[in-house]
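Visitor: First, the structure itself, so that you have it in front of you.
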Amino acid sequence: MSLELAVLDWFFEPLQFAFMQRSLAVAIMVGIICSVVGSYLMVQRLALLGDAISHSVLPGLAIAFLLGVNIFVGAFIAGVISTVIIGWIHTRSPIKEDAAMGIVFSAFFALGITLITTIQKDNKIDLNHFLFGNILGVTVGDVRDTAIIAALVLMAVFLLYKELLFYSFDPLGAQAGGLPTGLLNAGLMVLIALTVVASMKVVGVILVLSLLIAPGATAYLLVPRLHQVMLLGAAIGVLSSVSGMYLSYYVNLPSGPAIVMVVSALFALSFLFSPRHGVLVGPRRGRPWQKLRTLLPSKGS
Amino acid sequence: MATSPKIIVDHLSVNYRDVQALRNVNLTVRPGKMVGIFGPNGAGKSTLIKAMLGLMPVVTGRVTYGDDTLAHQLDRVAYVPQRSQIDWTFPATVWDVVMMGRVKKTGWFNRFSASSRQLATAALERVGMLEFRDRPIGALSGGQQQRVFLARALAQEAEIFCFDEPFVGVDQKTETVLFNIFRELAQAGKIVMVINHDLGESITNFDQLILLNKELIAAGPRDWVLTRDNMTRAYGGHVGFFGHVA
Ligand SMILES: Nc1ncnc2c1ncn2[C@@H]1O[C@H](COP(=O)(O)OP(=O)(O)OP(=O)(O)O)[C@@H](O)[C@H]1O
Ligand SMILES: [Mg+2]
């Protein structure tokens with residue numbers, strides 16, 4: 001067999017299984033929306049908020065399961081409620097936003113774990129699947145739900161792009177120019193919650209932060225405009241989730257962590273070798289050493 | 001421009017939680033004049049502008065422009081925040097920032113029109129930054145960044161312009177560019193309010209002054225506000241400037 005054929009064979013072999021087709025489809029969609037929506041978190045320095053929302057979806061998911069409602073819906077509602085409570089604590093008391101996030105998300109997370117461990121004894125529901133993802137278990141219904149969420153999220157970002165750009169760059173200037181910034185912020189929270197919910201099956205709530213932040217951060221070191229960060233980030237997200245799936249298939253790794261390791265490796269490459277900001281190459285080569293020198297105490301002092 | 005409306009600030013008080021930032025401010029800002037807002041650090045200058053525009057809640061008071069509350073007419077306002085409020089590492093180019101000035105007028109779901117792009121180009125030209133249109137904003141000097149924000153304000157085609165400390169970190173050349181454009185805006189009948197705290201020579205560029213220190217010390221024509229007594233009340237005993245004081 002020629003090399004080309006071997007490569008093609010390697011590529012197509014997993015695709016003959018319906019479960020791999022389904023999980024790859026979901027992984028690709030999630031890779032795209034996480035990178036796009038996560039770019040907003042990165043530029044607004046709200047990475048921790050992504051973490052907070054993702055940990056907060058658990059109790060909603062459990063309650064929805066108990067009530068027999070779609071767990072995506074329950075998870076989404078819990079994610080949104082957590083952002084409302086965080087905002088409420090932050091504006092109504094001198095508590096800083098990051099402290100509010102820490103308090104709220106660990107409380108929600110604890111409640112979620114308690115609920116799920118209680119109900120998983122008598123039900124077919126596994127806490128680990130939500131914590132670390134269970135992409136090989138995606139159903140046709142999951143593919144459909146993910147596609148609907150992905151379409152909604154991408155449509156919203158496309159239609160509101162110029163408003164969200166202004167708002168995320170200069171919230172005061174945008175508000176003073178007459179944009180409804182409260183609404184834009186709420187919309188952004190909804191997009192993040194939707195994205196987290198769609199990603200649960202792929203990487204789980206603990207590792208989803210990586211898919212939200214790393215692709216955008218990798219792209220940010222390479223290109224200068226937000227829409228370019230999003231497009232390149234989406235490509236990086238897709239590359240990571242697909243390679244992670246193949247790694248998981250051939251080397252028998254857990255798929256969520258495999259995806260996260262790929263995207264982290266891509267970030268490391270960009271960090272070291274980006275022509276614009278790379279530590280080892282690029283215009284400011286040598287800067288780490290100069291920086292180090294300035295950090296050292298000078299002799300006279 | 002006697003027909004253009006003026007801004008009337010009526011009994012405005014603002015708190016940050018339990019700290020009072022402004023107490024019972026009453027003043028009128030008229031179009032066609034260059035208005036400077038002065039006062040020491042923490043005097044409430046930024047707070048005054050934010051409260052006037054409804055960007056933060058007020059305890060009491062009302063700010064009107066024409067027949068309605070100013071906060072209801074923000075599409076007539078261009079506001080450039082203090083430099084420190086902006087994240088200069090944000091992934092945007094000069095062009096992206098200037099086009100932000102066209103977002104509100106363009107409207108939801110619409111794409112920027114050709115005339116919006118022309119307005120943005122003209123605004124960049126006017127501040128002398130057209131050749132930098134594709135630069136990331138982080139790769140500009142402080143003065144260049146400030147000029148880009150002025151271009152964004154110009155592209156907004158506003159009636160009311162508010163600048164919070166536009167001269168910080170700016171060289172003489174940019175300062176002259178900014179003052180010239182502020183003057184042109186005022187002469188075109190706009191309302192121009194500039195927060196500043198340089199009490200040097202440049203103060204003579206302003207027609208009207210608002211002097212604050214937690215409360216309104218004085219507001220009105222420059223020479224009328226710049227008295228020794230007012231300056232002492234605003235800045236305490238240690239103000240090194242009296243050259244232009246009447
Ligand atoms: N977010 C905030 N929370 C609590 N207090 C604040 C906040 N922002 C400002 N203050 C307080 O309100 C007062 C007025 O602040 P403001 O920023 O309006 O002053 P300023 O005149 O613009 O000062 P500067 O020249 O330093 O810009 C200050 O005493 C300040 O400590
Ligand atoms: Mg200020």
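The values are calculated or read from the model by the stated rules, or taken from the named source; none is laboratory data. What you see is a predicted model, and the numbers here were worked out from it, not measured in a lab. Methodologically, a virtual Cβ is constructed for each residue, glycine included, from the backbone with ideal geometry; neighbour enumeration extends over all protein chains shown. With ligands, DNA and RNA removed, areas are computed over all heavy atoms of the protein, side chains included. Shrake-Rupley method; radii C 1.70, N 1.55, O 1.52, S 1.80 Å.
Visitor: If a/c stays under 1.5 just call it rounded; otherwise compare a/b with b/c (prolate if a/b is bigger, oblate if not). Do that for chain B, with a ≥ b ≥ c from the square roots of the Cα gyration tensor eigenvalues. Intermediate values should be presented prior to the final figure.
Guide: Numbers: a/c = 1.73, a/b = 1.40, b/c = 1.23.
Prolate.
Visitor: Same structure, new question: Accessible area of the stretch A:24-295 with a 1.4 Å probe: how many percent of it is carbon plus sulfur? Could you put the intermediate results ahead of the total?
Guide: Numbers: 8390 of 11570 Å².
Carbon with sulfur: 73 percent of the solvent-accessible area.
Visitor: Which chymotrypsin sites (Phe, Trp or Tyr not before Pro) from the stretch B:13-106 combine a DSSP loop assignment with at most 16 other Cβ atoms within 10 Å? If you can, show how the numbers build up before the last one.
Guide: Details: sites: B:Y16, B:F38, B:Y65, B:Y79, B:W88, B:W95; in loops: B:W88.
For chymotrypsin sites (Phe, Trp or Tyr not before Pro) across the stretch B:13-106 that sit outside H, G, I, E and B with at most 16 neighbouring Cβ atoms in 10 Å, the list reads B:W88.
Visitor: Report the number of Lys pairs in chain A whose alpha-carbons are under 30 Å apart, with separation of 8 or more residues or on distinct chains.
Guide: Values: A:K96/A:K162; A:K121/A:K201; A:K124/A:K201; A:K291/A:K299.
For chain A, qualifying lysine pairs total 4.
Visitor: Related question: What longest range of chain B stays clear of loop-exposed trypsin sites (Lys or Arg not before Pro) (DSSP non-H/G/I/E/B, at most 10 other C-beta within 10 angstrom)? Walk me through the numbers on the way to the answer.
Guide: Working: sites that count: B:R17, B:R111.
Value returned for the longest uninterrupted segment is B:112-246.
Visitor: Relative to the Cα centre, what is the charge dipole magnitude of the stretch A:54-145, using +1 at the beta carbon of each Lys and Arg, -1 at the beta carbon of each Asp and Glu, and rounding to the nearest 20 debye? List each step's numbers first, then the result.
Guide: Values: 5 positive and 6 negative charges, 27 e Å.
Value, rounded to 20: 120 debye.
Visitor: Let me ask another. Apply the a/c threshold of 1.5 to the C-alpha gyration tensor of chain A and tell me whether it is rounded, prolate or oblate. Kindly include the intermediate steps, with their values, before the conclusion.
Guide: Values: a/c = 1.61, a/b = 1.09, b/c = 1.48.
Taking the square roots of the gyration eigenvalues as a ≥ b ≥ c, chain A is oblate.
Visitor: Looking at the stretch B:111-196, which chymotrypsin sites (Phe, Trp or Tyr not before Pro) are DSSP coil and have at most 16 other C-beta atoms within 10 Å of their C-beta?
Guide: Values: sites: B:F112, B:F132, B:F149, B:F161, B:F163, B:F167, B:F179, B:F182; in loops: B:F112, B:F167.
Hits after loop and neighbour filter: B:F112.
Visitor: Would the stretch A:183-235 count as rounded, prolate or oblate if I go by the C-alpha gyration tensor, calling it rounded below 1.5 in a/c and otherwise prolate when a/b exceeds b/c, oblate otherwise? Mind showing how you got there, number by number?
Guide: On the way: a/c = 2.67, a/b = 1.28, b/c = 2.08.
Oblate shape, in that a/c is at least 1.5 and b/c is the bigger or equal ratio.
Visitor: Sticking with this one: Please report, ordered by residue number, every helix of chain A (full DSSP H runs) that is 15 Å or longer along its axis going by C-alpha atoms and whose mean Kyte-Doolittle hydropathy reaches 1.6. Intermediate results must be reported in sequence, preceding the final value.
Guide: On the way: long enough: A:18-43 (38 Å, 1.77); A:47-67 (32 Å, 1.68); A:71-92 (31 Å, 1.67); A:97-120 (33 Å, 1.38); A:140-159 (28 Å, 1.82); A:181-220 (30 Å, 1.90); A:226-251 (36 Å, 1.26); A:255-273 (27 Å, 2.09).
Sorted by number, the helices that extend far enough and score high enough are A:18-43, A:47-67, A:71-92, A:140-159, A:181-220, A:255-273.
Visitor: Send over a whole-number figure in Å² for the accessible area per residue of the protein assembly as shown, probe 1.4 Å. Before the final figure, lay out the partial values.
Guide: Details: 24720 Å² over 547 residues.
Roughly 45 Å² per residue, with all protein chains present.
Visitor: Please identify the longest segment of chain A free of exposed trypsin sites (Lys or Arg not before Pro), where exposed means a DSSP state other than H, G, I, E or B and no more than 14 other Cβ atoms within 10 Å.
Guide: A:125-283
Visitor: Also, I was wondering about something else. Within a 10 angstrom radius of each residue's Cβ in A:158-170, how many Cβ atoms of other chains show up on average? Whole number is fine. Provide the component values of the computation, followed by the final result.
Guide: Values: counts 1, 3, 2, 2, 13, 7, 1, 8, 10, 2, 3, 9, 12.
Mean inter-chain Cβ contacts per residue within 10 Å come to 6.
Visitor: Here is a follow-up. Looking at the protein assembly as shown, send over the antiparallel percent of its DSSP beta bridges, to the nearest 5.
Guide: Working: 21 of 39 bridges.
In the protein assembly as shown, approximately 55 percent of DSSP beta bridges are antiparallel ones.
Visitor: Among DSSP beta bridges whose residues both lie in chain B, state the antiparallel percentage, nearest 5. Kindly include the intermediate steps, with their values, before the conclusion.
Guide: Details: 21 of 39 bridges.
Counting DSSP beta bridges with both partners in chain B, the antiparallel share is about 55 percent.
Visitor: Ignore the peptide's own chain and count Cβ atoms of other chains within 10 Å of each Cβ in B:80-87; give me the average, rounded.
Guide: Details: counts 4, 5, 1, 0, 0, 4, 4, 6.
Per-residue shielding by partner chains comes out at 3.
Visitor: Relative contact order for chain A: what percent, with Cα pairs under 8 Å and sequence separation of 6 or more?
Guide: On the way: 438 pairs, mean separation 76.4, N = 301.
For chain A, the relative contact order is 25 percent.
Visitor: Can you list the aspartates and glutamates whose alpha carbon sits under 13 Å from that of B:K50, skipping same-chain ones fewer than 8 residues off?
Guide: Straight-distance partners of B:K50: B:D164.
Visitor: Provide the buried accessible surface between chains B and A in square angstrom, both chains summed, 1.4 Å probe, rounded to the nearest 100. Don't skip to the answer; put the middle values down first.
Guide: Numbers: alone 12020 and 15520 Å², together 24720 Å².
So the total buried area for this chain pair works out to about 2800 Å².
Visitor: Can you give the calculated 222 nm mean residue ellipticity of chain A, where each DSSP H run of n ≥ 4 adds -39,500 (n - 2.57) and the sum is split over every residue, rounded to the nearest 500 deg cm²/dmol?
Guide: Working: 13 runs with 238 residues, N = 301.
Calculated from helices alone, the mean residue ellipticity at 222 nm is -27000 deg cm²/dmol.
Visitor: Over the Cα atoms of the protein assembly as shown, compute the convex hull volume and normalise it per residue, giving Å³. Spell out each step's value before the answer.
Guide: Details: hull volume 114.7 nm³, N = 547.
Per residue, the Cα convex hull of the protein assembly as shown comes to 210 Å³.
Visitor: Provide the packing ranking of A:50-58, A:6-14, A:177-185, i.e. peptides ordered by the mean count of other C-beta atoms within 10 Å per residue, highest first. All intermediate terms of the calculation are to be shown ahead of the outcome.
Guide: On the way: A:50-58: 28.0, A:6-14: 11.3, A:177-185: 17.7.
Peptide ranking by packing, descending: A:50-58, A:177-185, A:6-14.
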